[in-house]
1. A:Thr126: open to solvent by 10 Å² or more (accessible area, probe 1.4 Å) and within 13 Å of chain B (Cβ to nearest Cβ), yes or no?
2. Is it fair to say A:Pro154 is of a type outside the set (S, T, N, Q), more than 30 Å from A:Lys168 (Cα to Cα), touching a residue at least 12 places away in the same chain (Cβ under 8 Å) and within 10 Å of chain B (Cβ to nearest Cβ)?
3. Residues of region A:201-212 being more than 16 Å from ligand 2 (Cβ to nearest atom) and either basic (Lys, Arg) or assigned to a strand (DSSP E or B) (or both), which ones?
4. So in region A:149-160, with the set limited to residues that are open to solvent by less than 10 Å² (accessible area, probe 1.4 Å) and over 20 Å from A:Met50 (Cβ atoms), which one is nearest to ligand 1 (Cβ to nearest atom)?
5. Out of region A:47-62, which residues are open to solvent by 20 Å² or more (accessible area, probe 1.4 Å) and either aromatic (Phe, Trp, Tyr) or within 16 Å of ligand 2 (Cβ to nearest atom) (or both)?
6. Restricting to region A:152-200, name every residue that is within 16 Å of ligand 2 (Cβ to nearest atom) and small (Gly, Ala, Ser).
7. Can you name the number of the only condition in (1) modelled with pLDDT under 95; (2) among the β-branched types (Val, Ile, Thr); (3) within 18 Å of B:Ile234 (Cα to Cα) that B:Val35 fails?
8. Of the numbered conditions (1) at pLDDT 95 or above; (2) within 11 Å of another protein chain (Cβ to nearest Cβ), B:Asp195 satisfies every one except a single condition; which is it?
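The values are calculated or read from the model by the stated rules, or taken from the named source; none is laboratory data. As the structure is a computational prediction, the values presented were derived from the model and not from experiment. Please note: Cβ atoms are built from the backbone with ideal geometry, for glycine as well, and neighbour counts cover all protein chains shown. Ligands, DNA and RNA are stripped out before the accessible areas are found, and what is left, the full protein with its side chains, is counted by its heavy atoms. Shrake-Rupley method; radii C 1.70, N 1.55, O 1.52, S 1.80 Å.
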Amino acid sequence: MTQALVRIEGVSKSFGSFQAVKNVSLQIEKGEIFSLLGGSGCGKTTLLRMLAGFEAPTQGRIFIDGVDMAAVPPWERPVHMMFQSYALFPHMSVEKNVGYGLKHEAMSPADRKARVREMLELVQLTPFATRKPHQISGGQRQRVALARALARQPKLLLLDEPLAALDKKLREHTQFELMSIQERTGVTFIVVTHDQEEAMTLSDRIAVMDQGVVRQVGRPGAVYEFPNSKFVANFLGSINAFEASVTALGDQISVDVPALGQSVQARAVGGLIVGQNVTMALRPEKITIHRTPVEGDNVLAGEIKDLAYFGKDSLYRVALPSGALVSVHAVNAARASDDDRLADWYDKVWLSFDPSSVLLLTD
Amino acid sequence: MIARWFHRRGWSDLVIGLPYVWLLIFFLIPFLIVVAMSFGTRTSTAPPFGFGGENPAINLAGYARLFSDTLYIRAFVTSLTNAAGAMVLCLLIGYPMALGLTRVDRGWRNILLMLVILPFWTSFLLRVYAWMGLMGSNSWFNKLLTGAWNWLVPQAWDVANVPLMHSNFAVVLVMVYTYLPFMILPLYANLERLDPTLDEAAMDLGSRPFAVFRDVTLPQSIPGIIAGGMLVFIPAAGELVIPTLVGDSSSPMIGRVISDEFSSARDWPMASAVAVALLILMVGPMMIYSRFEARAQARERSE
Ligand SMILES: Nc1ncnc2c1ncn2[C@@H]1O[C@H](COP(=O)(O)OP(=O)(O)OP(=O)(O)O)[C@@H](O)[C@H]1O
Ligand SMILES: [Mg+2]
């Protein structure tokens with residue numbers, strides 16, 4: 001096993017009495033795209049600034065490539081940052097911006113020029129080389145910032161909400177561009193974002209943060225399908241969550257869910273005891289809607305209360321006799337006109353789901 | 001109709017127009033009178049100049065004397081070097097102060113800014129007299145300097161006191177003291193608007209603090225340097241009071257020459273010729289600069 005490129009060990013950061021980052025420990029491997037995902041003000045930028053060297057951790061240590069960064073000033077770190085505001089130098093041309101970091105590199109002017117040209121080609125900005133930042137579009141500025149940060153071949157690239165300023169279409173396009181650039185350069189990326197879809201698309205791994213604390217780290221699929229807490233489950237996608245208590249352990253775990261007025265079978269997981277209070281959670285797309293009664297465990301009867309048609313899929317809100325509301329997400333696989341679609345307002349429906357889809361969360 | 005005109009274009013016309021009217025009445029017309037006077041001939045009438053009659057309609061004698069009499073050339077050179085010296089010193093002292101002001105926190109910043117403009121609250125003359133007191137050969141300040149000098153240098157170079165007063169050094173010193181706020185304030189206004197993340201970006205790309213200053217802060221503060229420089233240089237070059245009170249009377253500055261020609265010599269045409277020459281000397285470089293700047297901008301836009 002190779003040594004991790006970045007090791008963050010028990011790092012905390014306080015501003016006065018306010019703790020912005022609390023005891024964060026992370027390991028980031030070489031060549032990965034690692035996302036820091038979390039709501040506004042949860043400490044993502046602060047963590048990034050500590051990696052770049054603009055803030056000193058109040059506690060804990062940061063190692064990059066095995067070297068303790070405590071005494072290393074920003075200009076000596078093998079780390080470059082792409083700022084949320086891009087921070088392009090307004091008095092320099094695109095070319096000069098991209099080449100700025102190379103001034104500190106021992107290389108001949110010809111090599112430097114070639115490197116700038118290569119970077120501009122990488123981000124497809126060659127025709128704009130002599131323009132000033134205010135003479136190009138927002139998306140182009142973003143690419144200049146990326147080229148500038150990549151020019152010196154950093155070991156680690158920090159991107160603070162790199163796509164936040166772009167419109168939806170451009171953002172999706174740029175996401176793939178970023179991924180392909182990362183693949184070609186092999187540089188390790190740490191991407192800060194508060195957009196969960198962006199994090200899922202881009203990343204090899206995600207760390208979900210909440211109020212300065214890392215709540216869960218893992219591959220996008222793992223974090224989505226096996227969230228370790230209600231917070232993470234809620235933050236990544238939507239979820240139906242109900243209070244429940246464990247009634248029986250075995251091949252399957254039975255939990256009693258008062259809000260649903262019945263018990264639910266879940267796949268066995270360790271660490272639970274009979275009588276324990278848990279949260280029973282279920283992703284809306286894991287539930288199937290039926291128009292006729294179905295037999296078996298994990299079936300709920302209800303009535304369509306609300307329905308939102310998105311084109312490729314629809315979201316239903318189903319009211320149970322107990323009064324609880326369950327969200328169900330269904331793909332509109334067959335083309336249906338208004339009167340013969342899967343279900344309509346006030347239709348009586350039956351919901352079923354697999355025990356393996358049920359999440360039992362203790363946190 | 002009129003009401004609508006007043007609502008839409010009226011106000012902007014008025015707001016743009018007022019300064020022009022002001023400049024026309026209080027600057028352009030008097031200046032044209034001065035230009036006209038400079039072509040007149042000195043007479044013993046009142047006012048003491050005339051055109052035509054036994055005199056030539058346009059008399060260029062004043063302008064000719066600007067070049068023939070070395071008094072004027074020397075006065076111009078003294079004025080420009082003193083003003084340039086004051087400007088450079090103000091920049092060297094004022095730039096770090098302005099930069100420092102942008103780096104302290106808000107509460108302190110207002111207090112320090114107050115201190116920068118505090119001297120304006122006492123009379124300018126009073127402050128110049130205070131400097132005269134300090135620099136005079138019997139002052140504690142002069143004695144201190146004299147003592148330090150005599151202690152530092154070999155005995156052969158000992159002096160009874162340091163000759164501060166009545167020198168160009170004294171003029172520059174007092175002008176730096178007087179005009180420093182005019183350098184600091186525009187520089188501060190300029191530096192304060194700069195984005196601090198640009199400094200971080202430069203640092204992130206490998207620049208040490210000095211390189212950050214040289215590559216990022218300094219180039220972006222050039223407009224502030226030019227504004228502050230002009231605000232110091234232009235009044236300093238025409239300064240009258242400071243050189244009169246603390247300067248060397250054997251090498252007068254141009255303001256003194258103009259004043260003398262007007263009052264004691266009663267040679268208004270000559271005084272006017274000197275004033276016009278001073279204005280050309282000041283405005284010429286400014287116009288060349290702004291022309292150059294406009295062209296650079298136009299080129300940038302067309303690219
Ligand atoms: N220099 C500072 N002084 C005091 N508090 C600060 C400072 N910098 C950040 N904070 C606080 O630390 C917390 C975390 O800030 P941070 O900028 O890391 O959030 P973030 O996760 O990047 O949020 P966003 O998604 O809005 O950018 C915030 O509550 C913020 O107010
Ligand atoms: Mg942030």
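1. It is false that A:Thr126 is open to solvent by 10 Å² or more (accessible area, probe 1.4 Å) and within 13 Å of chain B (Cβ to nearest Cβ).
2. The answer is no for A:Pro154.
3. A:Arg205, A:Ile206
4. Per the criteria, the residue is A:Leu150.
5. A:Arg49, A:Phe54, A:Glu55
6. The answer is A:Ala164, A:Ala165, A:Ala199.
7. (3) is the only condition that B:Val35 fails.
8. All conditions pass for B:Asp195, except number (1).
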